[in-house]
């Protein structure tokens, strides 16, 4: 098991190197002179030269790259032009907001999609199967920002059930003392039920939006993989041995059918992390996505670069976690390693 | 070999226009949903081509007296905060959104298709380099990478097209690679080589035409994603600039009015976007079922 995890870790290294090279090249691809760009629009010629020497832009590309990697290894992502704040600190304080939203969205999606896919596979051609097909086809066609806005209109404006889409907490509340950065967990730790409900209310609609978006690929994969497993020999043998339908589906088929679904999670995460940016904009969610969007509009590149790098590193790590999870579910992989 | 490129209709094949018509009839008969998607596709193409001549109002003309009015007989889709007719803007926007999607898909078809075919056919270093590039792109969440590319290269429609093409590159390269790889030692390739054709000529004249059907299916499958990606980028303020009519930016414009009840400004462009993506996804699935029935899920 340990050797398998180590092997996967080593496999993640080229991806990380690729990510760092690409984010480095993206800065060098900035239109015009990066020094003039980082010095700001009002800078004089001397100031631009100073910035050039300070940033090391007068040195060859390879030396610059070494400096860049050096900065990264110290956790330095540069400073934002508009706020002057170090990007790394800003991202660190905003990351829990994004993580809480994305994780809850994923949990909701899996909780709905896996049973739906299984039900559809058990009775192909039934009403549930058709419902599953409609949900999966519609789910991939819905622009995530559009779903979010429709939910806001229905649940905030028409029904008045949800609070205004303005961030993580209503202005009347102050955030719980920080332990994990997840308001749901922190408010529970602080034993503040009212605060828990308040943050849950803010979180439900954006998380639901993400869930609707990522439901489709999970349900589709669960159905396809359950269908394949249910028609396999060992399931037929189990049925012939007189096991109950429930035991066959849950203990025999489900565990085997989960393997391709876990693999799909990698793709789902790629979509989720991207969709997260759009959902954060719709709900004014103070996460790293809206931080990047604000910086994009202000043509402030350092935060965008830091954001792209953070997201990519998280994505590589998530894929690593999925690979390890795969090894836990499938004992054959452990034997191979 | 070459029958891979032909529809598996089982009907006697006619030539030219007759064959095309027969093929369309076959597609529609096989799957009613694909027929519906095809009708929708024709409508989208018509709106894209004829849009500016069909609309009742100038999509850019503001009329502050009629601002923020709900759907009515005069303005079927209502008016936005500047009094512009939403229906006209939604129809006119079709051309730009459609153009962005087509251009990015065509671009990635060229880049990914050629790189992938070369990787699969030649193997060795070509394969390793193309594979490494594809892996690196796949290491990013795709929308996030597209954001980064547009931010770095500059905020323009061309760069949105380029970014959408780049993030789709691995999909195309992988499909093309796999398809070319199984054909590299096929009989017709050996025959062509025996006739004294150069490797590049075999690649372009023998292998590439043979994997076309699969690549075309890939194009229609990713078309919907291309539209979504571009609209998402313009929703967060990249690429298309106001007052240009484009679905993503129109939804962004209308989003502030959603909380105060003026739903029509964001709803209709969003619905148009959804229908277009829905249409391309159905069409792609339908085409895939015909060309490659085994991959049906």
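None of the figures in this text is laboratory data; all of them are computed from the coordinates on show. Small disclaimer: the values here were computed from a predicted structure and weren't measured. All Cβ positions, even for glycine, are placed from backbone atoms using ideal geometry, and neighbour counts span all protein chains on display.
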From zero outward in steps of 5 Å, how is the percent of C-alpha pairs of the range A:43-109 spread across the bins?
4, 13, 14, 17, 16, 12, 9, 6, 5, 3, 1, 0
Percentage, to the nearest whole number, of Cα pairs in the range A:41-178 over 23 Å apart
65 percent
Contact order relative to length of chain A, as percent, for alpha carbon pairs under 8 angstrom and 6 or more apart
26 percent
Highest GNM mean-square fluctuation, chain A, Cα pairs closer than 10 Å: which of A:43, A:121, A:292?
A:43
Helix B:86-122 versus the longest principal axis of chain B: what is the Cα-based angle in degrees, 0 to 90, to the nearest 10?
20 degrees
The Kirkwood hydrodynamic radius of the range A:104-156, taken as the inverse of the mean 1/r over all distinct Cα pairs, in Å, comes to 12.4 Å
Under a Gaussian network model of chain A whose springs join Cα atoms within less than 10 Å, the largest fluctuation of A:153, A:183, A:326 belongs to A:153
Average Cα contact separation per residue, the range A:179-337, under 8 Å, 6 or more apart, as relative contact order %:
20 percent
For the range A:88-240, taking Cα atoms only, what is the radius of gyration to one decimal and the Dmax to the nearest whole Å?
19.4, 62
When you look at the Cβ of every residue in A:312-318, what mean number of other chain Cβ atoms sits within 10 Å?
3
Specify the residue with the greatest mean-square fluctuation among A:268, A:171, A:22, computed from a Gaussian network of chain A linking alpha-carbon atoms under 10 Å apart.
A:171
Could you please rank B:264, B:247, B:125, A:285, placing first whichever residue has the fewest other Cβ atoms within 10 Å of its Cβ?
B:125, B:264, A:285, B:247
How big is the range B:172-224 by Rg and Dmax over its Cα atoms, in Å?
12.4, 42
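Shape verdict for the protein assembly as shown, please, from the Cα gyration tensor: rounded (a/c under 1.5), prolate (a/b greater than b/c) or oblate.
Numbers: a/c = 1.20, a/b = 1.18, b/c = 1.02.
It is rounded, given that a/c, with a ≥ b ≥ c, falls under 1.5.
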Computed over all unlike Cα pairs, the Kirkwood hydrodynamic radius of the range B:132-205 in Å stands at 14.7 Å
Taking only the alpha-carbon atoms of the range B:138-254, what semi-axes of the equivalent ellipsoid follow from 5 times the gyration tensor eigenvalues under a square root, in whole Å, largest first?
39, 13, 12
List the equivalent ellipsoid semi-axes of the range B:233-297 in whole Å, largest first, each obtained as the square root of 5λ for an eigenvalue λ of the Cα gyration tensor.
33, 14, 8
In terms of the alpha carbon gyration tensor, root eigenvalues a ≥ b ≥ c, rounded if a/c is under 1.5 and otherwise prolate when a/b exceeds b/c or oblate, the range A:218-306 is prolate
The range A:174-244 - Rg (one decimal) and Dmax (whole number), Cα, Å:
21.4, 61
In terms of the Cα gyration tensor, with a ≥ b ≥ c the square roots of its eigenvalues, is the range B:205-269 rounded because a/c is under 1.5, prolate because a/b exceeds b/c, or oblate?
prolate
Taking A:281, A:201, B:69 and counting other beta carbon atoms within 10 angstrom, the fewest-first order is A:201, B:69, A:281
Shielding of B:67-79 by partner chains, average beta-carbon count, 10 Å
0
Rh (Kirkwood, all Cα-Cα pairs) for chain B, Å, reads 21.2 Å
Among A:2-9, B:107-114, the order from most to least packed when residues are scored by Cβ within 10 Å on average
B:107-114, A:2-9
Using alpha-carbon coordinates, inclination of helix B:32-54 to the longest axis of chain B, degrees
60 degrees
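Return the tail of the calculated pair distribution for the range A:135-193, meaning the percent of Cα-Cα pairs more than 19 Å apart. Can you show the working numbers first?
On the way: 896 of 1711 pairs.
Every Cα pair in the range A:135-193 considered, those over 19 Å come to 52 percent.
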Taking neighbour counts of Cβ atoms within 10 Å as a proxy for exposure, in what order, fewest first, do A:299, A:241 appear?
A:241, A:299
Run the numbers on chain B and let me know its relative contact order in percent, using alpha-carbon pairs under 8 Å that are six or more apart.
23 percent
Helix B:157-183 axis, angle to chain B major axis (alpha carbon atoms, nearest 10°)
30 degrees
The protein assembly as shown: calculated mean residue ellipticity at 222 nm from DSSP helix runs of at least 4, using -39500 (n - 2.57)
-24000 deg cm²/dmol
Return the tail of the calculated pair distribution for chain A, meaning the percent of Cα-Cα pairs more than 28 Å apart.
55 percent
Inside 10 Å of the C-beta atoms of B:248-259, what's the mean count of C-beta atoms belonging to other chains?
4
